[in-house]
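**Student:** Take this structure first; my questions come after.
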Amino acid sequence: MENKLDRIYDPHSIEQQIYQQWEESGNFSPSDDGAPYCIMIPPPNVTGSLHMGHAFQNTLMDALIRYHRMKGHNTLWQVGTDHAGIATQMVVERLLNAEGTSRVDLGRKAFTERVWDWKANSGGTITNQLRRLGASVDWTRERFTMDDDLSYAVREVFVSLYEDGLIYRGKRLVNWDPVLLTAISDLEVTSEEESGHLWHFRYPISGSAEHVVIATTRPETMLGDTAVAVHPDDDRYQHLIGKTITLPLVNREIPIVADHYVDPEFGSGCVKITPAHDFNDYAVGERHHLPIINIMTPRASIDLPGSRYHGMSRETARQEVVADLEQSGLVEKIEAHQYKVPRGDRTGQVVEPYLTDQWFVKAGPLAQPAIAAVKTGKIRFVPKNWERTYFEWMENIEDWCISRQIWWGHRIPAWYDEEGNIFVARTAEQANEQAKVLHGENDFVLRQDEDVLDTWFSSALWPFSTLGWPQSTKAYETFYPTNVLVTGFDIIFFWVARMIMFGLKFADDIPFHEVYIHGLVRDSEGQKMSKSKGNILDPLDLIDGIELEPLLKKRTTGLMQPELAPQIESATRKEFPNGIPAYGTDALRFTFARLATQGRDIRFDLGQIEGYRNFCNKLWNAARYVLMNSEQTKVMPIDQLSANTSIEKWIIAELQNTTRQIEQAYEIYRFDIASKCLYEFIWDEYCAWFIEFSKIMLRNPETDEATKQSLRASLVSVLDASIRLLHPFMPFITEQIWQTVANDRDGRSIMFERFSDSTVPINEGAVAEINWTKSVISSIRNLRSENDIKPGDKIVAMYQLLGDEPSSWLNQNILLITEFARLSSFKPLKDAPEPAVSSHLVSTEVGDFRIYIQTGDLEHAEEQLARLEKQLKNLEQQIKRTQSKLNNTQFLEKAPAAVIDKERTRLLECEKSRKLIRERQHRLSNHSLTS
RNA sequence: GGGUGCUUAGCUCAGUUGGGAGAGCAUCGCCCUUACAAGGCGAAGGUCGCAGGUUCGAGCCCCGCAGCACCCACCA
């Protein structure tokens with residue numbers, strides 16, 4: 001490392017080089033020393049690239065990891081990626097289509113080989129982006145959910161659950177994506193309200209002229225109706241229960257049944273029942289033992305050989321059915337209707353309830369201990385209110401459909417013989433053994449189940465499968481249960497709940513003690529970021545910067561709806577007329593930390609990150625100043641500083657207060673508080689006061705050498721301590737400065753330094769003295785500004801000690817006051833009668849210390865009088881309020897003594913201030929009369 | 001239909017167990033002062049969504065209302 005900092009802070013020139021050094025030196029692996037601390041990364045999809053949500057989440061995890069590493073813990077941040085079954089298969093299928101071939105052409109074996117190739121060549125995007133972010137994950141332990149050992153864990157879990165009766169196979173109505181041709185789980189279906197129609201049809205009663213009117217949003221499914229239902233207590237239809245209907249168009253006799261499911265208030269009170277194509281109807285069908293007639297192919301076209309609708313898409317069939325019923329005069333009416341349409345979250349296609357053979361996890365028994373773990377406080381959600389969401393879902397949990405009819409994923413370890421017997425086993429050999437037992441000497445052929453498991457199945461094992469389970473490895477013994485899971489609320493059901501269930505079942509313990517749920521990153525307007533809205537910010541663009549043209553291109557290419565491009569382009573031009581400047585990783589990370597308030601979604605706009613980039617610059621330049629002034633000075637722990645002067649004692653006190661607040665904030669995951677404390681301490685105390693104080697003292701020829709040495713040591717050591725506190729949020733700039741401020745680093749990294757030093761007792765006297773000095777300086781600055789005195793002009797000032805502030809405070813700090821306030825002299829006013837001294841005096845007070853300054857003229861007298869008048873008015877109000885409180889016997893009886901004392905003191909202070917202000921008014925108005 | 005969160009300065013948000021309303025950005029003055037103009041000094045700006053209640057005292061606790069956002073659910 002160089003021993004100097006460049007004049008200009010340039011994040012780009014330091015960040016990548018530093019990360020490479022960290023990674024190469026193996027710094028991210030556990031130290032094998034100290035209490036274990038472990039976080040599991042939510043494995044990003046291997047097809048993914050870093051978005052703002054990742055950047056936010058990983059910033060917080062890295063801060064926690066770095067904090068605990070510096071605290072001396074044996075720290076593991078387990079990294080890896082998820083095979084993302086459907087997403088990855090879609091990506092590779094698109095590539096194949098572009099090449100003019102297809103998944104089916106290749107066949108299963110060649111296709112999965114192709115996916116592995118893709119992964120080897122293109123699957124590292126997001127992990128490399130994590131490096132840019134500074135993530136101190138242990139790359140040597142990187143895992144992929146389809147690694148051999150993790151796949152082994154998957155089979156182990158599947159087989160165990162099967163043996164325990166918690167996995168079963170069955171023909172059930174599932175959510176079917178007719179484009180992907182696979183079942184998906186309830187969670188993968190999203191319902192949006194859409195405009196449609198409510199069709200009212202007349203169904204004729206068999207052998208009668210009567211008919212009933214049924215209403216439906218899906219006319220085409222009437223081809224599969226097997227009943228009409230009414231409410232059992234509905235007087236209108238009592239006489240029809242048990243009779244039959246001749247189903248129009250199909251001419252099938254179907255019964256009228258009574259079922260509580262029907263809401264008599266809705267529509268006509270009669271419901272068509274299609275058990276094969278509706279979840280509710282399926283349940284009704286089961287209750288009444290109705291036949292289940294499937295009328296659709298997997299691609300959701302009509303499957304009724306011999307019917308005129310056979311082969312029609314569901315949309316066409318709908319039109320035709322309605323037209324035909326219309327023709328027969330069976331359409332009562334058609335109403336506009338808003339209704340929820342279920343769509344697959346991957347394809348956006350309307351999902352069909354579809355009757356197929358699938359594998360399910362029986363969730364109820366697994367959920368019970370998982371609920372208890374949170375109820376008893378073994379697992380804590382932060383913020384706590386998410387526990388309610390968790391309970392709500394867990395207490396009403398449905399069985400989980402885990403089989404998927406795709407090729408990329410963990411193949412289900414089940415085999416069938418020709419008679420349909422199922423053999424679930426860890427390996428084909430074991431399945432064979434089982435089959436032998438059954439078949440004896442007879443020949444048989446086994447065929448493995450074609451389906452793969454839902455990707456979330458393997459994700460659910462992540463906290464223990466990555467650590468070596470089912471083997472009892474050192475990592476597993478050391479780091480399970482992990483400390484905290486950091487994730488978004490959107491995957492509490494998908495992932496968090498299932499990890500808890502499986503962790504308790506298989507690793508015999510909770511997977512983590514705490515779950516920190518963070519908010520969603522939105523754009524500056526509060527909109528969700530999405531490609532189709534064209535409002536995506538790429539974290540790397542914020543780090544490296546991007547010109548307008550490439551940004552436009554990025555946002556407008558590959559849109560699902562290309563017609564939106566012009567709109568997106570103009571919005572982008574308006575928001576980023578000059579593109580995006582490079583802010584650097586540290587500024588981005590710090591911004592995320594500052595925005596990480598409890599649970600809320602966060603709005604991201606460039607003003608914020610710019611402010612924190614400026615903070616980086618501030619720190620950088622402060623470090624440059626310190627280097628210039630204390631090059632040969634040794635960095636010391638805070639508790640070993642000699643701290644000769646009050647200002648050193650004061651800044652040490654401030655540092656210690658800040659440290660304590662930060663450590664407390666980490667304990668409760670308040671990254672916003674921790675980062676805010678750092679910002680304020682470094683900028684408002686260390687830079688604005690301490691460095692400025694030090695300049696004056698170091699440059700003063702009368703300062704003795706010992707004091708200078710002490711000051712230099714404090715300057716450099718407090719800087720050193722500050723950047724250690726800051727390191728978890730800003731790893732790069734702090735490393736660069738840390739390497740530079742001392743010569744004896746020997747290639748060590750700041751990431752292993754202690755987070756904070758031992759404390760020394762706070763010197764309250766020094767703190768009071770410096771706070772008083774700061775107030776005096778601020779008051780004079782204020783006076784100067786109010787009187788339009790140019791910052792460069794030196795002025796005469798005088799003071800009066802009216803009370804009992806220690807005169808030592810003044811004597812000790814008179815140089816600082818004089819220099820800071822740019823005074824040519826600062827002397828006692830003696831006992832001269834005030835108005836006689838000068839007609840150009842204005843004054844202010846700090847407690848009982850009155851300060852006068854000389855002004856060149858009094859042209860601002862009117863303004864000042866107005867200001868004083870306003871202050872006076874405020875004071876009067878306060879006095880009145882305080883007095884009425886103190887006159888209130890109820891208040892005096894019931895309020896705590898401390899509060900009453902406070903009010904009394906306040907009253908005295910206000911009255912004193914009022915007196916002083918009146919005096920100032922008096923002086924000012926007299927003088928303005930004379931001038 | 002059930003649930004959750006939000007509403008505080010022009011904007012984005014803090015506000016810990018109830019005890020005199022805060023920050024950043026933006027705005028307005030004045031300064032290119034030898035670490036930093038990505039800076040310094042100073043100023044202005046709020047009926048804490050509305051309406052009640054509890055309390056000596058409410059931004060904070062309770063009830064109601066309104067608006068916004070999100071989650072869950074099988075209403076054809």
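**Student:** Residues A:Lys915, A:Lys902, A:Lys885: which one is more than 8 Å from RNA strand B (Cβ to nearest atom), out of contact with any Lys or Arg (no Cβ under 7 Å at 6 or more places or on another chain) and under 30 Å from A:Arg867 (Cβ atoms)?
**Tutor:** Working: A:Lys902 fails: more than 8 Å from RNA strand B (Cβ to nearest atom); A:Lys885 fails: more than 8 Å from RNA strand B (Cβ to nearest atom).
Matching residue, one of A:Lys915, A:Lys902, A:Lys885: A:Lys915.
**Student:** Need at least 3 residues that are more than 21 Å from the chain's Cα centre (by Cα) and crowded, with 16+ Cβ neighbours inside 10 Å per element, so show me which helices (runs of 4 or more DSSP H) inside segment A:651-735 make the cut, counting only ones lying wholly within it.
**Tutor:** Where helices (runs of 4 or more DSSP H) fall fully within segment A:651-735 and carry at least 3 residues being more than 21 Å from the chain's Cα centre (by Cα) and crowded, with 16+ Cβ neighbours inside 10 Å, they are A:692-699, A:705-726.
**Student:** Let me ask another. Could you please let me know if A:Tyr19 is of a type in the set (Phe, Trp, Tyr) and assigned to a helix (DSSP H, G or I)?
**Tutor:** Working: of a type in the set (Phe, Trp, Tyr): yes; assigned to a helix (DSSP H, G or I): yes.
Yes.
**Student:** Still on this structure, please answer the following. Hey, can you tell me all the residues within segment A:885-911 that are assigned to a helix (DSSP H, G or I) and in contact with a helix residue (DSSP H, G or I) (Cβ under 9 Å, 6 or more places away or on another chain)?
**Tutor:** Initial filter on segment A:885-911 (assigned to a helix (DSSP H, G or I)): A:885-887, A:889-894, A:897-911.
The answer is A:Lys885, A:Leu886, A:Phe891, A:Leu892, A:Val899, A:Ile900, A:Glu903, A:Arg904, A:Arg906, A:Leu907, A:Cys910, A:Glu911.
**Student:** Of all residues in segment A:588-611, count the ones that are within 8 Å of RNA strand B (Cβ to nearest atom), crowded, with 18+ Cβ neighbours inside 10 Å and assigned to a helix (DSSP H, G or I).
**Tutor:** Residues in segment A:588-611 being within 8 Å of RNA strand B (Cβ to nearest atom), crowded, with 18+ Cβ neighbours inside 10 Å and assigned to a helix (DSSP H, G or I): 2 in total.
**Student:** For A:Asp672, are the conditions met, namely being at pLDDT below 95, within 14 Å of RNA strand B (Cβ to nearest atom) and either more than 24 Å from A:Gln632 (Cβ to Cβ) or acidic (Asp, Glu) (or both)? Give the derivation first.
**Tutor:** Values: at pLDDT below 95: yes; within 14 Å of RNA strand B (Cβ to nearest atom): yes; either more than 24 Å from A:Gln632 (Cβ to Cβ) or acidic (Asp, Glu) (or both): yes.
Here the answer is yes, as A:Asp672 does meet what is asked.
**Student:** Could you tell me which residue of segment A:848-861 is modelled with the highest pLDDT, considering only residues that are farther than 12 Å from A:Glu786 by Cβ and surrounded by fewer than 15 Cβ atoms within 10 Å (Cβ to Cβ)?
**Tutor:** Within segment A:848-861, the match that is modelled with the highest pLDDT is A:Asp848.
**Student:** Also: Taking the stated definitions as given, is A:Cys687 of a type outside the set (A, V, I, L, M) and more than 9 Å from RNA strand B (Cβ to nearest atom)?
**Tutor:** Values: of a type outside the set (A, V, I, L, M): yes; more than 9 Å from RNA strand B (Cβ to nearest atom): no.
Considered against the rule, which asks whether it is of a type outside the set (A, V, I, L, M) and more than 9 Å from RNA strand B (Cβ to nearest atom), A:Cys687 comes out as no.
**Student:** In this structure, does A:Ile500 turn out to be in contact (Cβ under 8 Å) with a residue 60 or more places away in the chain, within 30 Å of A:Glu163 (Cα to Cα) and within 16 Å of RNA strand B (Cβ to nearest atom)?
**Tutor:** Values: in contact (Cβ under 8 Å) with a residue 60 or more places away in the chain: yes; within 30 Å of A:Glu163 (Cα to Cα): yes; within 16 Å of RNA strand B (Cβ to nearest atom): no.
No; evaluated as a whole, the condition is false for this residue.
**Student:** In segment A:612-646, which residues are under 22 Å from A:Lys695 (Cβ atoms) and either touching a strand residue (DSSP E or B) at 6+ places or on another chain (Cβ under 9 Å) or outside any helix (DSSP H, G or I) (or both)?
**Tutor:** A:Ser630, A:Glu631, A:Gln632, A:Thr633, A:Lys634, A:Val635, A:Met636, A:Leu641, A:Ser642, A:Ala643, A:Asn644, A:Thr645
**Student:** Related question: Condition first: under 47 Å from the mean Cα position of the chain (by Cα) and surrounded by 13 or more Cβ atoms within 10 Å (Cβ to Cβ). Now tell me which residues in segment A:875-903 satisfy that.
**Tutor:** At the first step, the residues of segment A:875-903 found to be under 47 Å from the mean Cα position of the chain (by Cα) are A:875, A:877-879, A:881-882, A:885, A:891, A:894-903.
Of everything in segment A:875-903, those that are under 47 Å from the mean Cα position of the chain (by Cα) and surrounded by 13 or more Cβ atoms within 10 Å (Cβ to Cβ) turn out to be A:Leu875, A:Gln878, A:Ile879, A:Arg881, A:Thr882, A:Lys885, A:Phe891, A:Ala895, A:Ile900, A:Lys902, A:Glu903.
**Student:** Being within 7 Å of RNA strand B (Cβ to nearest atom) and among the hydrophobic types (A, V, I, L, M, F, W, C) is the filter here, so list the residues in segment A:271-284 that pass it.
**Tutor:** Just the residues of segment A:271-284 that are within 7 Å of RNA strand B (Cβ to nearest atom), to begin with: A:271-272, A:278-280.
Listed by number, the residues that qualify are A:Val271, A:Phe279.
Residue-wise test of (1) assigned to a loop (DSSP other than H, G, I, E, B); (2) in contact with a Phe, Trp or Tyr (Cβ under 6 Å, 6 or more places away or on another chain); (3) over 19 Å from A:Leu198 (Cβ atoms).
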residue: A:Thr221; (1), (2), (3): no, no, no
residue: A:Gln238; (1), (2), (3): no, no, yes
residue: A:Val250; (1), (2), (3): yes, no, yes
residue: A:Glu253; (1), (2), (3): no, no, yes
residue: A:Pro264; (1), (2), (3): yes, no, no
residue: A:Asp281; (1), (2), (3): no, no, no
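**Student:** Is there any pair linking a residue in segment A:392-405 that is more than 18 Å from A:Ala84 (Cα to Cα) to one that is more than 11 Å from RNA strand B (Cβ to nearest atom) and basic (Lys, Arg), with Cβ under 7 Å and at least six apart or on different chains, and which?
**Tutor:** Listed by first residue and then by second, the contacts come to A:Asp399/A:Lys362.
**Student:** Cβ-Cβ below 8 Å, separation at least six or inter-chain, first residue in segment A:816-837 and within 16 Å of A:Ser775 (Cβ to Cβ), second of a type in the set (Lys, Arg) and modelled with pLDDT of 85 or more: which pairs?
**Tutor:** These pairs meet every condition: A:Phe820/A:Arg781; A:Ala821/A:Arg781; A:Ala821/A:Arg784; A:Leu823/A:Lys794.
The values are calculated or read from the model by the stated rules, or taken from the named source; none is laboratory data. The structure displayed is predicted, hence computed values, not measured ones. Glycine also receives a Cβ, built like all others from the backbone with ideal geometry; neighbour counts cover every protein chain displayed.
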